[in-house]
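Report on the following structure.
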Amino acid sequence: MGCMATAESYVLAIGTKKGLWLATSPDRTSWSVSGPHFLMSEIPSIGIDTREGRTRILVGVRSEHWGPTVFHSDDLGETWTEPEHGAIRFPSDTEAALERVWQIHPDAEARPGVVWAGCEPISVWKSTDGGEHFELNRGLWDHPHRDEWGAGFGGAAAHSIVLDRTGEKVHVAMSTGGVYRSLDGGSSWEPRNKGISAYFMPDPNPEFGQCVHKIAADAAVDGRLYAQNHHGVYRSDDDAESWESIAEGLPADFGFVMLTHPRRAGTAWVIPLKADGERIPPEGKLAVHRTDDAGASWKRLDAGLPQAEFNSILRDAACVDAAEPAGVYFGTRGGSVYASADEGEHFTEVVSHLPDVLCIRAAAVSPVSAPGAMAAGTAGRA
Amino acid sequence: MAGISVVLPSVLQAFAGGRPVLTAPAEQDVSVAGVLDLVAAEYPALSRRLRDETGTVRRHVNIYVNGNEIRRLQGLSTPVSPGAEVLIIQSVAGG
């Protein structure tokens, strides 16, 4: 059964441990879900590129048997293309092999065709052809600290890439290496973790080695960043030169998610988890928390969310769209996905009982026909 | 010329033009790596699923030469004679 979407169409791509599902909606409240694509492969990363007059969905795909690769679709998942020799391949002199693509991040509108990727082993890549072929960032790969970067439980990866308007300033985050910054478009990198505690290390205030889970930039305030760490929620107002805690008012300072508003200054979302010993929503009650004043205060948002939820939400299993008002989306390791069309005030369930949700991305798109779409909540094979 | 047969599991045949068996030309013994290099030259997307960028056979890919798993032989250096069969099977694993 097809679903012809209107001019006000939205696409939500859901990457799970066992495949990709795609949802479309005219209003971000009712959704039609199709899938799975890439059944039995995990989807650890998704990028939706709406530049250049088309919607390109890029996905990192990883099979336990056949390894990692990157596919893209320009027709909302009807067909998928994979570069014959692979989009991301370590040069032979590195003696490294790609394990997993953790991040696919289209650059700014002003730089069409440029797409960044963060990968495991810890590495950053840049494409100039829309994500079909990537080149290894040698500045970070050859960094003298690389041997000392650890591996978070999920793997050693560059999992956050934050780009600025000029293209010169780039921040990356890696667990357990911390935040690194480049001011020359990625040629050279320096750690920027001052003020962030690493209580699990002999020196709790090291230059690098912090366990950062996610970073995001404030779209309206130059130099302002937010970080969700393994214990600790922080803000920087000076391009990560220094960080200060903004965790007061949250029910827990642990979590993986850090989202920022696409336009409005000071607005960010986190999804707190109780840790270290529990790693579930505090008291088993799921809630998103939003600040509208750059972390000075937080508002609990749980309208439409289940009363009890014992699954965690992973770092890329949440996103915002660029619509007005902004949409907020997240998925749980229990396979439920929720969407809000009003910045988190109210959520509706998009789909449930999927495999563990690893990542989701949403975007407003041109009028589309979603082949094989089904009624929300009944996702199955397309 | 006898050639060497490379037998593919069904899930990989799409990366070899839908063919269940590939034939690598051989007039004398070649290594398993050599056989896979011949495959890679013609079907790079298939090759990437068997070996990573370093040339290492992926962990859950099993390769048999005339019924013997190469990890119990000489690995990628295992010689393959003309007329032999190289069988590729994925591990039975996962959840």
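From the list B:Ile63, B:Ile89, the one residue that fits, being of a type in the set (Val, Ile, Thr), open to solvent by 20 Å² or more (accessible area, probe 1.4 Å) and in contact (Cβ under 8 Å) with a residue 24 or more places away in the chain, is B:Ile89.
I need the full set of residues from region B:60-92 which are within 14 Å of chain A (Cβ to nearest Cβ), assigned to a loop (DSSP other than H, G, I, E, B) and in contact with an Asp or Glu (Cβ under 8 Å, 6 or more places away or on another chain), in order please.
Of region B:60-92, the ones within 14 Å of chain A (Cβ to nearest Cβ) are B:60-63, B:88-92.
Then drop every residue that is not assigned to a loop (DSSP other than H, G, I, E, B), which leaves B:60, B:91-92.
Once the filter is applied, which keeps residues that are within 14 Å of chain A (Cβ to nearest Cβ), assigned to a loop (DSSP other than H, G, I, E, B) and in contact with an Asp or Glu (Cβ under 8 Å, 6 or more places away or on another chain), region B:60-92 yields only B:His60.
Note on region B:3-34: residues that are small (Gly, Ala, Ser), open to solvent by 20 Å² or more (accessible area, probe 1.4 Å) and under 24 Å from A:Ser41 (Cα atoms) amount to 4. Annotation note: of A:Lys169, A:Lys194, the sole residue that is under 29 Å from A:His261 (Cα atoms), at pLDDT 95 or above, more than 23 Å from the chain's Cα centre (by Cα) and open to solvent by 10 Å² or more (accessible area, probe 1.4 Å) is A:Lys194. Within this structure, A:His105 fails the test of being within 14 Å of another protein chain (Cβ to nearest Cβ), open to solvent by 20 Å² or more (accessible area, probe 1.4 Å) and not aliphatic (A, V, I, L, M). Number of residues in region A:305-324 that are within 25 Å of A:Gln103 (Cα to Cα) and polar (S, T, N, Q): the value is 2. Restricting attention to region A:37-49 and to residues that are within 14 Å of another protein chain (Cβ to nearest Cβ) and of a type in the set (A, V, I, L, M), the residue that is surrounded by the fewest Cβ atoms within 10 Å (Cβ to Cβ) turns out to be A:Leu39. Taken over region A:86-101, residues that are under 13 Å from A:Gly155 (Cβ atoms) and open to solvent by 20 Å² or more (accessible area, probe 1.4 Å) amount to 2. For region B:35-56, residues that are in contact (Cβ under 8 Å) with a residue 12 or more places away in the chain and either aliphatic (A, V, I, L, M) or buried (at least 18 other Cβ atoms within 10 Å of the Cβ) (or both) total 10.
If you go through region A:69-98, how many residues are at the interface with chain B (Cβ under 9 Å from one of its Cβ atoms) and not basic (Lys, Arg)? Walk me through it before giving the result.
Step one: of region A:69-98, the residues at the interface with chain B (Cβ under 9 Å from one of its Cβ atoms) are A:69, A:82-86, A:89-92, A:94-98.
Those left that are additionally not basic (Lys, Arg): A:69, A:82-86, A:90-92, A:94-98.
Residues flagged as at the interface with chain B (Cβ under 9 Å from one of its Cβ atoms) and not basic (Lys, Arg) within region A:69-98 amount to 14.
Each row is one residue, and each column tells you yes or no for (1) surrounded by fewer than 16 Cβ atoms within 10 Å (Cβ to Cβ); (2) at positive phi.
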| residue | (1), (2) |
| --- | --- |
| A:Pro281 | no, no |
| A:Gly295 | no, yes |
| A:Lys299 | yes, no |
| A:Phe310 | yes, no |
| A:Val337 | no, no |
| A:Phe347 | no, no |
| A:Ala363 | no, no |
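Scanning region A:265-279 for residues that are surrounded by fewer than 17 Cβ atoms within 10 Å (Cβ to Cβ) and among the charged types (D, E, K, R) turns up A:Asp276, A:Glu278, A:Arg279. Going by the conditions given, is A:Ser9 within 28 Å of A:Ser340 (Cβ to Cβ), modelled with pLDDT under 95 and open to solvent by less than 10 Å² (accessible area, probe 1.4 Å)? Yes: the conditions hold for A:Ser9. With a requirement of 2 or more residues that are out of contact with any Leu (no Cβ under 9 Å at 6 or more places or on another chain) and at pLDDT below 95, none of the strands (runs of 3 or more DSSP E) lying completely within region A:82-147 satisfies it.
Can you tell me which residue among A:Gly266, A:Gly277 is within 22 Å of A:Gln210 (Cβ to Cβ) and either part of a loop (DSSP other than H, G, I, E, B) or at pLDDT 95 or above (or both)? None of the others qualify; the one that does is A:Gly277. Within region A:113-136, the residues that satisfy the criterion of being of a type outside the set (D, E, K, R), farther than 18 Å from B:Ser47 by Cβ and either within 14 Å of chain B (Cβ to nearest Cβ) or more than 20 Å from the chain's Cα centre (by Cα) (or both) are A:Cys119, A:Pro121, A:Ser123, A:Trp125, A:Thr128, A:Phe134, A:Leu136.
Among the residues making up region A:177-191, a single one is over 20 Å from A:Gly223 (Cβ atoms) and either part of a strand (DSSP E or B) or open to solvent by 30 Å² or more (accessible area, probe 1.4 Å) (or both): A:Ser187.
Of everything listed in (1) within 20 Å of A:Pro83 (Cβ to Cβ); (2) within 12 Å of the chain's Cα centre (by Cα); (3) aliphatic (A, V, I, L, M), the single unmet condition for B:Ile70 is (1).
Specify which of the listed residues (A:Glu64, A:Glu52, A:Glu82) is of a type in the set (Asp, Glu), farther than 13 Å from A:Ala117 by Cα and open to solvent by less than 60 Å² (accessible area, probe 1.4 Å). Even if it seems obvious, please write down each step before you answer.
Values: A:Glu64 fails: open to solvent by less than 60 Å² (accessible area, probe 1.4 Å); A:Glu52 fails: open to solvent by less than 60 Å² (accessible area, probe 1.4 Å).
So the residue among A:Glu64, A:Glu52, A:Glu82 that is of a type in the set (Asp, Glu), farther than 13 Å from A:Ala117 by Cα and open to solvent by less than 60 Å² (accessible area, probe 1.4 Å) is A:Glu82.
The values are calculated or read from the model by the stated rules, or taken from the named source; none is laboratory data. What you see is a predicted model; the values in this text were computed from it and never measured. Heads up, the Cβs are rebuilt from the backbone with ideal geometry, glycines too, and the neighbour counts pull from every protein chain shown. These area figures cover heavy atoms from the full protein model, side chains too; ligands, DNA and RNA do not enter into them. Shrake-Rupley method; radii C 1.70, N 1.55, O 1.52, S 1.80 Å.
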